[in-house]
Amino acid sequence: MRHLHTRSPRRRIVGLLTASLLCTAGLAAPAVAAPAAQPAAPALDDGLALTPPMGFNNWNSTNCRAEFNESMVKGIADLFVEKGLQDAGYQYVNLDDCWALPERDADGKLVPDPVRFPHGIKAVADYVHSKGLKLGIYTSAGTKTCNSAGFPGALGHEYSDAQQFADWGVDYLKYDNCNNQGVDAKLRYTTMRDALKATGRPIVYSICEWGENKPWQWAADVGHLWRTTGDISDNWGSMLGILKQNLPLAEYAGPGHWNDPDMLEVGNGGMTDTEYRTHFSMWSVMAAPLLIGSDLRTASQETFDILDNKEVIAVDQDPLGKQGAVVSSAGGRWVVSKEMKDGSRAVALFNESGTAQRIATTAAAVGLPQASAYTLRDLWQHKSYNTAGTISATVPAHGTVLVRVAADRRWATHPPAVELGLSGSPLLQAGKAATLTSAVTDLGRTPAKHVSVRLTGPEGWKVRATSPTASAGLPTGRSLRTKWSVTAPAGTPPGSYDLTLRASYRSPTGARADSSVPLTALVVVPPPSGTSGLGDLTWMSATNGYGPVERNTSNGESAAGDGHPITIGGVVYDKGLGVHAESAVEFYAGKACEKVTADVGVDDEKGANGTVAFEIWADGTKVASTGVLTNAMPAQPLTADVTGAEVIRLVVTDGGDGIDSDHADWAGAQLTC
């Protein structure tokens with residue numbers, strides 16, 4: 001069954017592959033193309049959602065578990081006030097599925113679950129309103145909601161249900177798409193629009209039909225926001241795939257009508273803090289609704305620091321209402337620019353790859369007027385600099401640098417911006433010295449004076465400069481380059497390790513400035529001689545469209561180790577890799593291997609569903625691929641010459657029709673070295 005919003009353990013989320021660890025132009029993701037222009041529909045003229053809604057929804061953290069109840073909802077409202085989230089702009093406390101009893105009463109009315117909400121929804125609304133906040137509620141544009149228990153949907157009850165919501169004091173409705181009986185989407189969603197309007201109460205209307213009927217083309221005068229994608233999940237692949245689906249739709253967003261790439265996963269534990277900052281940055285530059293999806297009662301301070309970054313929130317809430325547009329995306333190095341009402345530009349430098357990358361653009365490229373210099377404000381570091389026009393940074397793996405740039409006559413009051421970079425292979429063998437070269441480059445109109453640089457690694461690592469680490473001054477565009485010898489101790493386990501590059505300098509006025517960038521080194525192990533099963537080797541990195549990559553079993557479901565014997569066309573294989581599109585698995589070959597072989601295809605565990613395509617990359621070159629394979633096809637042999645490659649990358653794409661049921665197998669995969 002295909003609907004990406006399924007609220008059962010078998011849902012399939014959207015996820016696109018990350019770029020290679022050794023990201024090159026040859027591994028570039030396809031450029032995001034804007035859809036064909038459509039006549040813009042008029043927006044609702046009711047003064048609601050003039051900036052993207054901000055608030056909370058419980059689904060991502062609690063689903064339908066018992067902890068979703070009146071006490072939790074009131075507790076979230078309390079925390080909005082206590083933690084300053086209300087002051088930052090968050091105002092909606094929204095209930096998702098499972099708030100009602102499974103049956104309507106004798107009069108056909110919805111009945112709140114008396115165990116979860118013993119005082120009813122109106123009492124909860126009154127409490128939330130007493131805090132100066134607003135309450136949202138959920139139902140579906142079908143006969144039942146999306147939960148497997150099947151709570152009452154609003155199809156055929158739109159006017160009655162809308163009036164109940166209004167009588168309870170509801171301020172926001174999320175209207176889902178399950179069990180819709182095949183009724184035309186536009187008709188179903190327009191009927192609820194009219195029902196809400198008939199109540200006379202101002203209610204923000206969130207259309208949640210997962211982008212299946214391209215609501216951005218018709219819903220601007222129906223709802224205030226519309227989902228553009230399937231459900232998000234708390235992992236990098238899901239967030240990245242949804243981001244890529246939403247980016248091309250910038251022309252359809254504006255005050256009172258917003259593209260909605262689903263709720264925030266920040267703080268739920270499935271991504272790193274770097275990835276969560278990217279999530280929050282990119283949702284903000286896309287002018288997306290900011291609906292917190294983590295349980296704030298147990299959230300870390302880092303989670304609050306991300307969610308409460310008022311400078312980033314200001315990008316999302318800018319009253320001009322522009323969604324950021326893609327400037328460039330080669331090699332997974334994204335530049336997205338958002339025009340702001342004051343004439344400045346918010347610019348996201350986003351790195352989708354697995355290692356640090358230099359990402360650069362210019363003031364002219366992001367739409368700023370010509371000027372002698374510009375003020376550049378780093379919205380995560382909360383520091384201002386001047387730049388002669390270059391906007392660039394070394395961005396950590398899966399990270400985002402978010403800046404706000406303006407043609408500002410006061411630019412000279414800020415120190416010059418400097419860019420920190422590190423070149424050389426980030427792949428190290430334990431006990432062997434590697435040479436890396438750092439660069440500190442002055443991007444400002446003014447010189448950087450008394451520049452010094454330092455590279456540090458984990459405790460026990462040997463990091464030694466082999467050339468000068470200081471310079472008396474750097475004019476615009478000039479760099480201090482320093483060579484470093486870096487050695488991981490013998491016996492260091494393979495994996496990712498943090499390096500930090502720091503620079504300090506003074507502006508012409510004597511003011512001290514500091515800059516740093518987190519970087520990653522990978523300790524790798526040379527592949528064994530002979531022929532080895534890839535399902536038995538240690539990979540460098542793995543991304544997967546749903547759940548983890550599995551060794552010697554199929555993908556299964558979302559949990560590790562829940563796969564089945566690899567089976568393609570009824571043939572069972574003992575060894576291999578089980579993945580789910582979009583996926584990428586990287587192995588260190590150390591320039592010592594010659595050949596990869598596998599039988600590839602769609603695993604039988606999804607019946608007749610699934611379409612995928614397989615690719616093998618040797619460093620930056622695609623060396624083997626299949627066409628689109630379906631479940632009806634037997635396994636296809638795939639062989640690649642990988643002679644001289646340092647990194648081998650196994651990729652599975654979705655076959656061009658989305659990732660639903662795309663369980664793919666690298667059956668019997670072997671590496672010969």
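The values are calculated or read from the model by the stated rules, or taken from the named source; none is laboratory data. Owing to the predicted nature of the structure, the values given are computational and were not obtained by experimental measurement. Here the Cβ is made from the backbone with ideal geometry for all residues, glycine too, and neighbour counts use every protein chain on show.
Quick look at the values:
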| item | result |
| --- | --- |
| Residue among Ala348, Ala412, Ala417 that is closer than 24 Å to Asp514 by Cβ, surrounded by fewer than 21 Cβ atoms within 10 Å (Cβ to Cβ) and among the aliphatic types (A, V, I, L, M) | Ala412 |
| Selection status of Val600, outside the structural domain of Gly460 (by TED's automatic domain parsing) and closer than 30 Å to Met271 by Cβ | yes |
| Qualifying positions in the range 85-141 - among the hydrophobic types (A, V, I, L, M, F, W, C), part of a loop (DSSP other than H, G, I, E, B) and either on the phi < 0 side of the Ramachandran plot or not assigned by TED's automatic domain parsing to the domain that holds Leu196 (or both) | Leu95, Trp99, Leu101, Ala106, Leu110, Val111, Val115, Phe117, Leu133, Ala141 |
| Hits in the range 250-283 - residues which are closer than 15 Å to Ala348 by Cβ and among the aromatic types (Phe, Trp, Tyr) | Tyr276, Phe280, Trp283 |
| Boolean, Thr639 is surrounded by fewer than 18 Cβ atoms within 10 Å (Cβ to Cβ), in a loop (DSSP other than H, G, I, E, B) and β-branched (Val, Ile, Thr) | no |
| Ala465 small (Gly, Ala, Ser) and touching a residue at least 40 places away in the same chain (Cβ under 8 Å) | no |
| Qualifying residue in the range 512-535 (condition: among the basic types (Lys, Arg), under 33 Å from the mean Cα position of the chain (by Cα) and either modelled with pLDDT of 95 or more or assigned to a strand (DSSP E or B) (or both)) | no |
| Test set (1) under 30 Å from Trp236 (Cβ atoms); (2) free of Cβ contacts under 8 Å to residues at least 12 places away in the same chain - Leu427 fails condition number | (2) |
| Flag for Thr476 being of a type in the set (Ser, Thr, Tyr), closer than 26 Å to Phe587 by Cα and in contact with a Leu (Cβ under 8 Å, 6 or more places away or on another chain) | no |
| Selection within the range 76-104 - out of contact with any Pro (no Cβ under 7 Å at 6 or more places or on another chain) and closer than 19 Å to Gly169 by Cβ | Ile76, Ala77, Asp78, Phe80, Val81, Gln86, Tyr90, Gln91, Val93, Asn94, Leu95, Asp96 |
| When residues of the range 343-359 are limited to those that are among the aliphatic types (A, V, I, L, M) and part of a strand (DSSP E or B), the one nearest to Gln317 (Cα to Cα) | Ala346 |
| Strands (runs of 3 or more DSSP E) fully within the range 417-508 counting 3 or more residues that are more than 29 Å from the chain's Cα centre (by Cα) and under 20 Å from Pro396 (Cα atoms) | 434-442, 448-456, 479-487 |
| Test: Ala363 is farther than 22 Å from Met271 by Cβ and modelled with pLDDT under 95 | no |
| Residue among Thr509, Thr482, Thr466 that is of a type in the set (S, T, N, Q), over 29 Å from Ile616 (Cα atoms) and surrounded by 16 or more Cβ atoms within 10 Å (Cβ to Cβ) | Thr482 |
| Criterion (crowded, with 22+ Cβ neighbours inside 10 Å and within 34 Å of the chain's Cα centre (by Cα)) met by exactly one of Leu110, Leu85 | Leu85 |
| Residue within the range 601-620 that is surrounded by fewer than 21 Cβ atoms within 10 Å (Cβ to Cβ), modelled with pLDDT under 95, under 29 Å from the mean Cα position of the chain (by Cα) and part of a strand (DSSP E or B) present | no |
| Counted residues, the range 512-557 - those being within 21 Å of Asp665 (Cβ to Cβ) and among the β-branched types (Val, Ile, Thr) | 5 |
| Residue count for the range 239-278, restricted to those that are of a type outside the set (Phe, Trp, Tyr) and within 24 Å of Gly223 (Cβ to Cβ) | 24 |
| Qualifying residues in the range 263-314 (those that are within 16 Å of Thr51 (Cα to Cα) and of a type in the set (D, E, K, R)) - the one surrounded by the most Cβ atoms within 10 Å (Cβ to Cβ) | Glu311 |
| Those residues of the range 188-230 which are of a type in the set (Phe, Trp, Tyr), more than 17 Å from Tyr138 (Cα to Cα) and over 24 Å from the mean Cα position of the chain (by Cα), in sequence order | Trp218 |
| Subset of the range 512-562 that is among the acidic types (Asp, Glu) and without any contact (Cβ under 8 Å) to a residue 40 or more places away in the chain - its residue that is surrounded by the most Cβ atoms within 10 Å (Cβ to Cβ) | Glu550 |
| Of all residues in the range 89-105 being more than 17 Å from Glu265 (Cα to Cα) and crowded, with 18+ Cβ neighbours inside 10 Å, the one that is farthest from the chain's Cα centre (by Cα) | Ala100 |
| Filtered residue count, the range 319-337, keeping only those that are buried (at least 21 other Cβ atoms within 10 Å of the Cβ), at negative phi and not basic (Lys, Arg) | 6 |
| The range 424-466, residues that are closer than 30 Å to Ser372 by Cβ and among the hydroxyl-bearing types (Ser, Thr, Tyr) | Ser438, Thr441, Thr446, Ser452 |
